Amino acid sequence: MNQNKLLLRTALGPTLGGTSYLVAQYLPPSPYWDAVLRAAPAGLLLLAIKPALPKGMWWWRSLAVGALNIGFFFGLLFVSAQRLSSGVSATIGALSTLFAIGFAVPVLRERIRPVQYAAAIVGIGGVALLVFRGDSSLDALGVVAGLGSALSLGLGSVLSRRWGRPEGIGGITFASWTLLGGSAVLLPIAVLAEGAPPSITLSQLGGLVWVAFGCSALAYYLLLSGLQALPISLSAPLPLLGPVSAGFFGWLIAGETLAPLQLLGGAIVLASVLWATWPRKPKAPVPDTPLPVPTAEPLAPLADRR
């Protein structure tokens, strides 16, 4: 698969993930259990499709990638969302793009062009316009949790690229390990923070089915497969599409209205992602032209010199 097609396929992951905001109203009011019920069934489904268990170092690597991309990410994100306005929390979370391309330099030895840093900063500004609601109250613990969530996702993205996946293991199986690793981290947090699992109504069950299999199983398979194959400089901006997807589907399906500033923010995010991922022609190499070698003129015969 060429790089452009892989980029489009990977972008579908966060786009599907953005629809989870639309169905959040149908989920039980227990965010940590929601995350467990989102990740665990998705991981079990993918494992049933392509069963295989980790071997050797991949036991702890799968747990580490799952903890960073799902467990710690969701856990800290919920703390941030509880203590900050949704706009501030989402804007801090968008910093994961900058963290990812920052980690790519020392961990992957990847060269990041200045334009990609600039595009990430512009995209974060677009997210702020898209989700900001005028409530700018800040809480120190909420800010720290939001930064920790973004840091976790940024580092998890880079390690997914650094480690790849074991030989002979496909993207579906690897995504299942990642989802189950994240569930293993989230489960004790859910028990300690919220106690027993909540009772689930029929409408909530429908929401959980979509969140687990559409927003998690399929979305994480697409995203993780792309992270392992694409340079971080190209894949890091793609999670910024999540808030744009949430706003679009909220307007399309739920009839939510979008203010002019929100429309501008969504346009800025899309433009920044295109700016960062647009294929650029490599500079033509300067041809190595050999310098002329000076040659000594033959001496004139002695009679001529007289």
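The values are calculated or read from the model by the stated rules, or taken from the named source; none is laboratory data. Model, not experiment: these values are computed from the prediction. Please note: Cβ atoms are built from the backbone with ideal geometry, for glycine as well, and neighbour counts cover all protein chains shown. To get the accessible areas, we keep the full protein, side chains included, count just its heavy atoms, and leave off ligands, DNA and RNA. Shrake-Rupley method; radii C 1.70, N 1.55, O 1.52, S 1.80 Å.
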In whole percent, the fraction of accessible protein surface over region 123-221 that belongs to carbon or sulfur atoms, probe radius 1.4 Å, stands at 68
Per DSSP H run of at least 4 residues, take -39500 (n - 2.57); add these up for the chain, divide by its residues and hand me the 222 nm value, nearest 500 deg cm²/dmol.
-21500 deg cm²/dmol
Extent of region 15-132 along each principal axis, from alpha carbon coordinates, in Å, largest to smallest?
42, 41, 23
Would you kindly calculate the translational diffusion coefficient of the chain, applying Stokes-Einstein with the Kirkwood radius from alpha carbon pairs, for 25 °C and a viscosity of 0.890 mPa s, and quote it in µm² s⁻¹ without decimals?
118
Hey, can you rank 51-57, 23-29, 185-191, 104-110 by average C-beta count inside 10 Å, highest first?
185-191, 23-29, 104-110, 51-57
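Given +1 on the Cβ of Lys and Arg, -1 on the Cβ of Asp and Glu, and no further charges, what dipole in debye does the chain carry about its Cα centre, rounded to the nearest 20?
The calculation lands at about 820 debye.
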Unit charges at the beta carbon, dipole of the chain: most positive-side option, 130, 225, 242
225
State the three equivalent ellipsoid semi-axes of region 169-245, derived from the C-alpha gyration tensor as the square roots of 5 times its eigenvalues, in descending order and whole Å.
27, 16, 13
Can you give the net charge of the other residues whose Cβ lies under 14 Å from the Cβ of residue 109, counting K and R as +1 and D and E as -1?
+2
Compute the length gained on full extension between residue 50 and residue 263: take 0.36 nm times their separation in residues and subtract their Cα-Cα distance, giving the result in nm to one decimal.
72.6 nm
Heavy-atom accessible area per residue, region 86-238, 1.4 Å probe: how many Å²?
41
³J(HN,Hα) computed for each position of region 46-52 - Karplus, 6.51 cos²θ - 1.76 cosθ + 1.60, integer Hz, glycine/proline x
5, 5, 5, 6, 10, x, 5
